[in-house]
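Step one of this worksheet: look at the structure below.
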Amino acid sequence: MINLYLKNFNFNLSNSIGILLLSENEKENLTNRLKKLKANFKICSFLNLKSYFKLDGMISAPLGFPFKDIERFLSSKIILLEDTSITSMEDAALFNALCSLVLSGKIVLCIKKDIFHLYDDFNGNFPECLIIDIYKTRFRFLVAAKMINDINDNGYTPSLSNLIKKIASLGFNIETNHAMLNNKGIIKFYDEKNFEIALKITHSISVTNPGKEFIYNNGVLIDITVGDIYFSPGVIIERIKIFRAIAGSTGNINVGRHNKPLIKKLDHTAFSKTQELALKELNSAHLAIAGAGSGKTRLIVHKFLHLLNFIPFNSILVLTFTNNAVIEIKNRILSALKDDGIDKGLISEKILNVYTYHSFFYSIIREFYRESGFSSMPIIKENNFDYNNTDDNNIYISYDDIIACVVKLFENDTITYSMAKRFKYILVDEYQDLDFLSDYIIKKIDYGRDNIMYAGDDDQSIYRFNGGDHFNILFFDLFFPDGKIFVLQNNYRSNYKIINFCNFILNNIAFRFPKKLIPPKNTVKDDYINAVKILRFKNKNSEVRFILNEFGKFFDLGKSVSILVRTQKEVDHFKFVFKELYPNAFLSYKEYDNRRFIGTIHGSKGLEFDIVFVANVIQGNIPHFKSIMPKMHEPEALKHPFLKFLNKNIKINTPYDDEVKLFYVAVSRAKEIVFISYSGEISEFLRRNF
């Protein structure tokens, strides 16, 4: 197998394709041959790598994983890895970093190990095993696409060998003089009529190659990637069939085909430099840390539009939390397409793959309900569902059941692979509030390709009580060591005094992405405007009535205005008094697209108003008294597995940090003025900042 590997050596080297070494003799043979070729290689013991990079307790801040240091430590293109053993999360994270280096084309990995049982010695709790499963999925893709490991594949990777067999089944033979890949990565086939198919293969697993064809007399040159070979061999075969059919009907091919961009080039003046870089990034997984008012939704929409230059619209998956966000994203996409001259009939709202997380996961259950063990399609049961009032034979499942069922389904790699083939790119909204299991499902669908953009803000993670796990976003680089981070700090929403106040609020969170909101450069600093007003009242009744009177006045002036409180009980009280003061007025109960809003801070997430009243900001309410009680320790099984890598000197008080973030979300909804009121013991958040 060494001879077959070296026969295609230049191609394998340029495409980061390694080889499985079955014995010490094979390792010595490859070492001697590489020396003769004067190749840049290094023999590396995984045990030495572990001793040099001790991850436990190493990380002191987000992005603390030493990926660049590992890359420098290896310092060679070809790595012969031995003594590989994965028995801990530390081992798994280090080996995942090596896989990322291979998939990004930075190293060639030749492993002396039984790779098909590499993770068998790992024994962890349930969350740890799910992370291992994500890592294993990436490694499975790597082994198939970038490692020669079976002598029966004639020196090709398993996925390329599979494609060659499919082409052969169409009646094609590999050209005699090209029995192996030539130095340019081109492999040629001829059929009985001498119609030629030339496949030019590149190492990329990204979506930047839209499948170009160069058509010439009696043949076609098709650009494909190792990602195409693994995920879309059927598409390649269909393209070959089409071109051969054209040649058969015309006797010749004299047609040129050019892949013109569907969407016009980006208007550079419409985006900040950081936004533009995030939009154009297609070669790695990346995270857009989008501060309040920084244009997160706009980024997601334009990322979708940019992707249309490379892949079909129905292969892009967009996930968000609310139905209102789904509607907004779809409408913005369709509006932009219309402005770009694209007929709305070609891409309609109904066929865009923009979902809420729950609706998307439920769609998977609907498709694979029999594989989930259901005899019929299960129906979602709503909150407070009473089984005693049903006399039917329907099967009911909760939202939590849906996620658990999909996690179980994805133990079947055939199902996971089918979902991965369907979606070539994933855009994830509000990443900071995603729960651990949902994040697992999404990463499984990505399947190690790193064709994914996350957008969120760790400072706005306010749904931990509902399962949200902000450590997913904080430990992004442990999932994607070669990923990129784009920090969007320009706030296009708020008065600069509100922006400064928001920055003060966040100062006492110990473990967060380092950032601060920045007003746009052309901001007019109206120093005479008191944009942050702190109001003290003798009692709650006077506080409520003052706020509602001002609420009405600002609305009459044409301003959008909101009253934000912590609990639904407070909301109900404000609405009750509102009806007393304005018996003939209509108050919208919708939480979206309205100019008057009375609701919880949680319900205001994603909204903005000219004027915002944040009421009842007293100690014990904001922050809540439970967050300032002696810290309760979570059971180890419920902790995020990557917390063990955190430096022991970093003190994380998650319940208290949640309160800081909730207050920040409330204040950052305001564009012009925010009123913060209390009638009792003043909140420490106000004492600290004033």
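Values as computed for the structure displayed
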| read-out | value |
| --- | --- |
| Size of charge dipole - the chain - debye, nearest 20, with Cβ of Lys, Arg +1 and Asp, Glu -1, no other charges | 2020 debye |
| Computed [θ] at 222 nm, deg cm²/dmol, the chain (DSSP H ≥ 4; -39,500 (n - 2.57); rounded to nearest 500) | -11500 deg cm²/dmol |
| Packing rank of 578-584, 352-358, where each peptide gets the mean count of other beta carbons within 10 Å, highest leading | 352-358, 578-584 |
| Length added when fully stretched, N32-E382, from 0.36 nm per residue minus Cα-Cα | 119.4 nm |
| Theoretical gain in end-to-end length, N162 to N412 [0.36 nm per residue, Cα-Cα removed] | 87.9 nm |
| Hits among aspartates and glutamates - C-alpha to C-alpha of K330 under 12 Å, sequence gap 8 or more where chains match | E349 |
| Lys/Arg +1, Asp/Glu -1 at C-beta; the chain dipole; positive extreme among F214, S23, F574 | F214 |
| Stretchable slack from K350 to S45, in nm (0.36 nm times residue separation minus alpha-carbon distance) | 104.5 nm |
| Simple label model, 7 Å out from Cα along Cβ direction - N584 to I246, nm | 7.1 nm |
| Test item: Cα-centred dipole of the stretch 2-150, Lys/Arg +1 and Asp/Glu -1 on Cβ, debye | 900 debye |
| Rounded to 5, percent antiparallel among DSSP beta bridges of the chain | 20 percent |
| Cα-based convex hull volume of the chain per residue, rounded to whole Å³ | 201 Å³ |
| Cross-link pairs beyond the 19 Å C-alpha cut-off, checked among K27/K113; K540/K569; K42/K106; K381/K605; K77/K421; K166/K200 | K381/K605; K77/K421 |
| Cα lying deepest toward the dipole's positive end in the chain, options L170, I237, Y496, charges on Cβ | Y496 |
| Candidate lysines - alpha carbon under 17 Å from K521, same-chain residues fewer than 8 apart omitted | K273, K497, K671 |
| Taking N as its residue count, the alpha carbon Rg of the stretch 2-150 over 2.2 N^0.38 Å | 1.04 |
| Sequence-distant aspartates and glutamates (8 or more away, or on other chains) whose Cα lies within less than 17 Å of K165 | D150, D153, E175, D191, E192, E196, D228, E238 |
| Alpha carbon Rg of the stretch 505-689, scaled by the compact-globule rule 2.2 N^0.38 Å | 1.15 |
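A short reminder: the numbers here are calculations on the coordinates, not readings from a lab. Small disclaimer: the values here were computed from a predicted structure and weren't measured. When we count neighbours, we look across all protein chains shown, and the Cβ atoms used for this are built from the backbone with ideal geometry, even at glycine.
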